[in-house]
Amino acid sequence: MPRPTVAIVCPREFKFTDHEASVERPVLGDVAELTTVWLDFNAPFPAEVLGADAIILWHGPRVTAEVVAGMTRCRAIVRNGVGFDSVDLAAAARAGIPVCNVPDYGTEEVADHALALTLALYRQLFPLDAEAKRLGWRINVQHRMRRLSTQTFGIVGLGRIGTAAALRAKAFGFRVVFFDPYAPAGAHKALGIGRVGTLGELLATSDTVSIHCPLTAETRGLIGEAEIAAMRPGAFLVNTARGDIVRKAPLFAALRTGHLGGAGLDVVEEEPLRTPEEAATPNLIVTCHAAFCSPEGMVEMRTTSARIARAAVLGEPVWNRVN
Ligand code: NAI
């Protein structure tokens with residue numbers, strides 16, 4: 001009987017050059033033949049992918065209902081990453097193919113990034129760095145450099161990353177509160193933090209608001225003009241979740257008027273930034289949707305994907321199923 005095959009599918013423009021599949025092979029090599037396929041965006045899936053027993057899918061190539069219909073033996077489509085909008089989940093479910101993802105490979109990195117942005121704002125790293133490199137030595141930003149133990153760090157969404165951010169903020173001495181209508185009763189007790197019942201309460205009581213909920217129909221534009229107006233004067237806003245949760249026009253306007261003291265964004269509505277004027281918004285730190293990045297996280301992500309694919313080809317239960 002031929003050995004099962006696992007196809008690793010990645011977009012051609014993606015700089016994935018590991019022809020040996022050096023992370024996946026030690027996990028899968030004893031039970032399956034591995035093949036890596038580079039595809040142009042929207043290019044048809046070749047026979048070696050359609051005929052594979054499991055597919056590991058990097059971000060990009062779209063698995064439409066038509067692609068699913070062409071799969072002859074597939075027992076799992078594993079998204080090598082968090083998002084799975086590139087896969088027609090319903091079509092895969094109808095075909096009896098589980099779709100799985102890897103939701104947790106960047107939990108620590110994203111929480112670290114949220115706190116890095118927060119600390120950069122509180123310690124005014126960038127204005128002071130710019131001043132020092134202008135060969136100046138004046139401290140014009142002292143009013144924003146507040147003692148952390150006097151400050152409230154408010155979290156929207158106490159999931160994996162929100163919890164990791166809460167632990168970090170707590171360690172720095174912040175008073176930590178969260179708003180999450182879906183968190184179980186007692187979540188605040190387990191962590192020794194505060195819980196508020198409404199977003200309005202969180203905005204009114206937090207000196208820093210850090211966004212950690214997913215982008216859903218409910219959270220798109222969750223932080224708009226009214227919510228930004230409801231934030232404390234001089235407060236900081238940090239978003240490492242998804243750009244479309246925070247409306248950028250009222251946010252940038254509040255930074256220009258000085259109503260908000262700063263913002264740290266890893267994600268931006270309609271990212272990347274569009275104009276030099278946006279980029280020149282005062283007290284704005286932006287990073288390039290890079291919060292998840294670390295070589296360790298990449299290895300963890302690929303290892304988890306390979307383990308799920310291994311379970312699939314062995315006929316064992318898969319995990320992280322999303323359809
Ligand atoms: P998670 O699913 O573990 O936690 C999300 C939390 O948000 C849950 O506790 C949920 O109850 C809560 N939530 C849902 N709707 C809410 C609402 N309307 N108001 C308040 N809370 C709400 O997700 P995880 O792993 O913590 O990730 C959070 C988000 O971080 C992801 O959805 C993703 O968008 C983003 N992310 C960003 C990365 C980056 O590189 N910047 C990398 C990885 C994730």
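For the reader, a short list of remarks on this structure follows.
- Remark: pairs (first residue in the range 174-188, among the aliphatic types (A, V, I, L, M); second residue part of a loop (DSSP other than H, G, I, E, B) and more than 9 Å from the ligand (Cβ to nearest atom); Cβ separation under 7 Å; 6+ apart in sequence or on different chains) = Val176/Ile193; Val177/Ile193; Val177/Val196; Val177/Ser206.
- Of all residues in the range 69-86, those that are among the hydrophobic types (A, V, I, L, M, F, W, C) and open to solvent by less than 10 Å² (accessible area, probe 1.4 Å) total 3.
- Of the residues making up the range 7-21, those that are under 25 Å from the mean Cα position of the chain (by Cα), outside any loop (DSSP other than H, G, I, E, B) and either aliphatic (A, V, I, L, M) or exposed (fewer than 13 other Cβ atoms within 10 Å of the Cβ) (or both) number 2.
- Restricting attention to the range 85-108, the residues that are closer than 22 Å to Leu215 by Cβ, touching a residue at least 40 places away in the same chain (Cβ under 8 Å) and assigned to a loop (DSSP other than H, G, I, E, B) total 6.
- Qualifying residue in the range 53-60 (condition: of a type outside the set (D, E, K, R) and without any contact (Cβ under 8 Å) to a residue 40 or more places away in the chain): no
Condition check ((1) aromatic (Phe, Trp, Tyr); (2) away from the ligand (no atom under 14 Å from the Cβ)) across all residues:
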| position | (1), (2) |
| --- | --- |
| Ala169 | no, yes |
| Phe172 | yes, yes |
| Ala183 | no, no |
| Leu202 | no, no |
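- Within the range 38-62, the residues that satisfy the criterion of being of a type in the set (A, V, I, L, M, F, W, C) and either crowded, with 17+ Cβ neighbours inside 10 Å or at positive phi (or both) are Trp38, Leu39, Phe45, Val49, Leu50, Ala52, Ala54, Ile55, Ile56, Leu57, Trp58.
- Of everything in the range 213-242 that is in a helix (DSSP H, G or I) and open to solvent by 10 Å² or more (accessible area, probe 1.4 Å), the residue that is nearest to Gly159 (Cα to Cα) is Glu227.
- Tallying residues that are under 20 Å from Leu148 (Cα atoms) and within 11 Å of the ligand (Cβ to nearest atom) within the range 211-237 yields 1.
- Taking first residues from the range 278-298 that are aromatic (Phe, Trp, Tyr) and partners that are at pLDDT 95 or above and open to solvent by less than 60 Å² (accessible area, probe 1.4 Å), the Cβ contacts under 6 Å between residues at least 6 apart in sequence or on separate chains come to Phe292/Gly106; Phe292/Glu109; Phe292/Val110.
- The number of residues in the range 243-276 being assigned to a loop (DSSP other than H, G, I, E, B), open to solvent by 10 Å² or more (accessible area, probe 1.4 Å) and away from the ligand (no atom under 16 Å from the Cβ) comes to 4.
- Verdict on Ala187 being within 19 Å of Gly264 (Cβ to Cβ), of a type outside the set (Phe, Trp, Tyr), in contact with a Lys or Arg (Cβ under 8 Å, 6 or more places away or on another chain) and within 11 Å of the ligand (Cβ to nearest atom): no
The values are calculated or read from the model by the stated rules, or taken from the named source; none is laboratory data. Since the structure is predicted, the reported quantities are computational estimates derived from the model, not experimental observations. So basically every Cβ, Gly included, is an ideal-geometry build from the backbone, and we count neighbours across all protein chains shown. Note: accessible area is taken over every heavy atom of the protein model, side chains too, but ligands, DNA and RNA are not part of it. Shrake-Rupley method; radii C 1.70, N 1.55, O 1.52, S 1.80 Å.
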